[in-house]
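To start, the structure under review is shown below, and the notes come after it.
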Amino acid sequence: MWSNHFVTSNSELEQKFKKYALIVGIIFSLLGIAALINPFFMALMSVAFVAWFMIFAGFAAGYYTFLSHSQEWVGWLKTFILVGIGLFILLNPLGGIQVVGLLLVVYFLLDGFANFTLASLNRASTRWLWIFNGLISVALAVVFLSTWSSVISESWLIGVYVVISLLVDGMVLVISSSRIKRE
């Protein structure tokens, strides 16, 4: 199915990956451990991040529409929808938790697919780490969908899932960076 003949060994790239994967892995792990203290706070922070991101994207879309296609209503509609949803999430964080919950399901499914792809491209010694990470991501998406009943449980689940995802991603990056041979 996937062909590895295009993937070649590049020691400079491997050393950069080793360095940055270790740094990012440690940061992810530390963020995950810090978020274990209060998963509800992590859920609210995730919701706030998504809201501000949507507001920023809305203003960027509006600026682009103003500069290039100011007569087209579709560009302005996109602007108002992005800013409106971002403001809704900021002003109504509990409703925003439900929106972000669905976005996280999509994220975890895409993360699982990406990890399975990385597993198919990786060496046998670390392939199981990427498969494990992908299975965790898909399992998180399935559990979230099956228990999606109330805002309180959703907020707790969002916080816990972000914690688990950060910890697992961080550990996989640290372990993968330690497995790369030294020059």
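Can you find a residue that is of a type in the set (Val, Ile, Thr), free of Cβ contacts under 8 Å to residues at least 60 places away in the same chain, buried (at least 19 other Cβ atoms within 10 Å of the Cβ) and under 14 Å from Ser165 (Cα atoms) anywhere in region 105-123? No, that holds for no residue. Taking the conditions exactly as written (in a helix (DSSP H, G or I) and either farther than 21 Å from Gly159 by Cα or in contact with a strand residue (DSSP E or B) (Cβ under 9 Å, 6 or more places away or on another chain) (or both)), does Tyr107 satisfy them or not? For Tyr107, the condition - in a helix (DSSP H, G or I) and either farther than 21 Å from Gly159 by Cα or in contact with a strand residue (DSSP E or B) (Cβ under 9 Å, 6 or more places away or on another chain) (or both) - is not met.
Looking only at residues that are assigned to a helix (DSSP H, G or I), more than 23 Å from the chain's Cα centre (by Cα) and not small (Gly, Ala, Ser) in region 41-70, which one is nearest to Leu87 (Cα to Cα)? Per the criteria, the residue is Tyr63.
The residue that is surrounded by the fewest Cβ atoms within 10 Å (Cβ to Cβ), counting only those in region 132-164 that are in contact with a Leu (Cβ under 7 Å, 6 or more places away or on another chain) and in contact (Cβ under 8 Å) with a residue 12 or more places away in the chain, is Val151.
Name every residue in region 73-94 that is without any contact (Cβ under 8 Å) to a residue 40 or more places away in the chain, assigned to a helix (DSSP H, G or I) and either surrounded by fewer than 16 Cβ atoms within 10 Å (Cβ to Cβ) or within 21 Å of the chain's Cα centre (by Cα) (or both), in order of residue number.
Once the filter is applied, which keeps residues that are without any contact (Cβ under 8 Å) to a residue 40 or more places away in the chain, assigned to a helix (DSSP H, G or I) and either surrounded by fewer than 16 Cβ atoms within 10 Å (Cβ to Cβ) or within 21 Å of the chain's Cα centre (by Cα) (or both), region 73-94 yields Trp73, Val74, Leu77, Phe80, Ile81, Leu82, Gly84, Ile85, Gly86, Leu87, Phe88, Leu91.
Mind telling me which of the residues Ser177, Ser153, Ser146 ends up being of a type outside the set (Asp, Glu) and under 21 Å from Leu36 (Cβ atoms)? It would help to see each step written out before you state the result.
Details: Ser177 fails: under 21 Å from Leu36 (Cβ atoms); Ser146 fails: under 21 Å from Leu36 (Cβ atoms).
Only one candidate passes the filter, namely Ser153.
Somewhere in region 75-97, is a residue of a type in the set (D, E, K, R), out of contact with any strand residue (DSSP E or B) (no Cβ under 6 Å at 6 or more places or on another chain) and at pLDDT 80 or above? Within region 75-97, one or more residues are of a type in the set (D, E, K, R), out of contact with any strand residue (DSSP E or B) (no Cβ under 6 Å at 6 or more places or on another chain) and at pLDDT 80 or above. The residues on offer are Ile131, Ile158, Ile136, Ile152, and the sole one that is aliphatic (A, V, I, L, M) and more than 18 Å from the chain's Cα centre (by Cα) is Ile152. Taken over region 100-128, the criterion of being among the hydroxyl-bearing types (Ser, Thr, Tyr) and either within 21 Å of Ser46 (Cα to Cα) or under 12 Å from the mean Cα position of the chain (by Cα) (or both) is satisfied by Tyr107 alone.
The values are calculated or read from the model by the stated rules, or taken from the named source; none is laboratory data. Computed from a prediction, not measured in an experiment: that's the story for all the values here. Every residue, glycine as well, gets a Cβ built from its backbone with ideal geometry; the counts of neighbours run over all protein chains shown.
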